[in-house]
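One structure is given here, and the rest of the page talks about it.
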Amino acid sequence: MEQDTQAIVLEAEAEAQTAADSRALYEVKMKFLGRTGKVTALLKGMRDVAAELRPAFGKKVNELRETLESKFAALEEKMKKKEMAAKLSGEQVDITMPGRRRKQGTLHPVTRVRNELIDIFAGMGFEIYEGPEIESDYYNFTALNTPADHPARDMQDTFYLGDGLLLRTQTSAGQIRVMENKQPPIKILSPGRVFRSDDDATHSPMFHQMEGLVVDKHITLCDLQGMLDEFARTMFSQNSKTRLRPSYFPFTEPSVEVDVSCASCGGKGCPLCKGTGWIEVLGAGMVNRRVLENCGIDPDEYTGFAFGMGIERIAMLKYGINNIKLLTENDVRFLEQFKD
Ligand code: DAH
């Protein structure tokens, strides 16, 4: 009997050695201590042992069970520790590793310039008005003193939609909508998309304009130039100057083309300004009295000025962009350059 129990202990130890994880170890344990295990079988076999030998036999088997239980308990404890250590080292995180960078977008240069323009003019008391992109011929042309047979219609290649509708070619259309609905004083800024059948390095079939309109008593061209000086200094450089050149637009009289001194050479003349020291930036003028009349505003009582500029053009000048297509291709390598 003594030898038997010794053999069983050795056998259990040997098998336990081969167990690779707690699950396998548990199975080995059950093989000896489980309901159908070897030790349990010995206990069950007690009935066949002679009555006088039974107490000693039972004691031996119980000792064996206790020995195995404590051995397995110790092995299980060891195995758990081993497994926990393996798990921890497997999940180890290197906190010194650099983090994963998240790509951060930037505002599109056209949006930046648009926001900047709004900041500049809102600071001078302008309100924002946004008109529709699909306009009637009347608002886009006729009311702006450009009737159907007017030669100035050819200044803009229009996308006509039929039924007297078109894609607006200029945000100037919004001037009429504002003046029809409100008597002076009027001071509005109107940003938006405009459309022309035009396509080359500096023209795109869709681009953005910013319109300005001021109507009140005693408004003069000097007021216009004062505001544009302020705009040029904030947008381009503190030393920027403006210059007005006579021009023609049907809705203004007189009409002017506004140049800003070249920020790249300071006005000395360089390739950007084609040696002139000046860069043409926008169109403007005193609101034609016919336009005021069309909107029910008395031109003998009120005068006004208006201006309109291309936002892409301003962005191209400000950031030295030489092709307008870059602004619509959405190449991130280009756009990433406009970070704060
Ligand atoms: N609408 C003109 C254009 O698209 C720009 C313009 C010129 C707007 C003179 C004005 C203005 O308000 O007074 O070419």
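Scan region 153-177 for residues that are at pLDDT 95 or above, closer than 29 Å to Tyr302 by Cβ and surrounded by fewer than 20 Cβ atoms within 10 Å (Cβ to Cβ) and report the count.
Residues that pass the stated criteria total 1.
Would you mind listing the helices (runs of 4 or more DSSP H) fully within region 42-153 where at least 2 residues are aliphatic (A, V, I, L, M) and on the phi < 0 side of the Ramachandran plot?
Numbers: elements: 54-90, 109-122, 137-140.
Once the helices (runs of 4 or more DSSP H) in region 42-153 are filtered for at least 2 residues that are aliphatic (A, V, I, L, M) and on the phi < 0 side of the Ramachandran plot, what remains is 54-90, 109-122.
Find the strands (runs of 3 or more DSSP E) located wholly in region 238-339 whose residues include 1 or more that are among the β-branched types (Val, Ile, Thr), within 16 Å of the ligand (Cβ to nearest atom) and closer than 30 Å to Gly105 by Cα, and list them. Walk me through it before giving the result.
Numbers: elements: 242-249, 252-261, 278-287, 303-310.
Strands (runs of 3 or more DSSP E) meeting the threshold: 278-287.
Would you point out which residue out of Arg233, Arg193 is among the charged types (D, E, K, R), in a strand (DSSP E or B) and either surrounded by fewer than 17 Cβ atoms within 10 Å (Cβ to Cβ) or within 10 Å of the ligand (Cβ to nearest atom) (or both)? Don't jump to the end; show me each part of the working.
Values: Arg233 fails: in a strand (DSSP E or B).
That would be Arg193, the only listed residue that is among the charged types (D, E, K, R), in a strand (DSSP E or B) and either surrounded by fewer than 17 Cβ atoms within 10 Å (Cβ to Cβ) or within 10 Å of the ligand (Cβ to nearest atom) (or both).
Of (1) within 35 Å of the chain's Cα centre (by Cα); (2) within 21 Å of Asn322 (Cα to Cα), Gly269 satisfies all except one. Which?
(1)
What's the number of the condition Lys187 fails, among (1) basic (Lys, Arg); (2) loosely packed, with under 14 Cβ neighbours inside 10 Å; (3) modelled with pLDDT of 95 or more?
Among (1) basic (Lys, Arg); (2) loosely packed, with under 14 Cβ neighbours inside 10 Å; (3) modelled with pLDDT of 95 or more, the lone unmet condition for Lys187 is (2).
Just for region 1-21: of the residues that are surrounded by 15 or more Cβ atoms within 10 Å (Cβ to Cβ) and not acidic (Asp, Glu), which one is modelled with the lowest pLDDT? Give the steps one after another, and end with the answer.
So the first thing to find is which residues in region 1-21 are surrounded by 15 or more Cβ atoms within 10 Å (Cβ to Cβ), and the list is 5, 8-9, 12, 15-16, 19.
Okay, now just the ones that are also not acidic (Asp, Glu), so 5, 8-9, 12, 16, 19.
Values: Thr5: 84, Ile8: 89, Val9: 88, Ala12: 88, Ala16: 89, Ala19: 88.
Here the residue is Thr5.
When you scan region 69-108, how many residues do you find that are more than 30 Å from Met30 (Cα to Cα) and of a type in the set (D, E, K, R)?
Residues meeting the conditions: 6.
For Asp198, all conditions in the list (1) under 30 Å from the mean Cα position of the chain (by Cα); (2) more than 22 Å from Met227 (Cα to Cα); (3) modelled with pLDDT of 95 or more; (4) within 16 Å of the ligand (Cβ to nearest atom) hold save one; what is the number of the exception?
(3)
Only one of these conditions is not met by Ala173: (1) within 18 Å of Glu257 (Cβ to Cβ); (2) within 14 Å of the ligand (Cβ to nearest atom). Which number is it?
(1)
This table checks each residue for (1) of a type outside the set (Lys, Arg); (2) at pLDDT 90 or above; (3) under 22 Å from Gln209 (Cβ atoms).
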site: Glu77; (1), (2), (3): yes, yes, no
site: Lys81; (1), (2), (3): no, yes, no
site: Gly99; (1), (2), (3): yes, no, no
site: Ser136; (1), (2), (3): yes, yes, yes
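The values are calculated or read from the model by the stated rules, or taken from the named source; none is laboratory data. What you are looking at is a predicted structure, and each value in this text was computed from that prediction instead of being measured. Cβ: placed from backbone, ideal geometry, glycine included. Neighbour counts: every protein chain shown.
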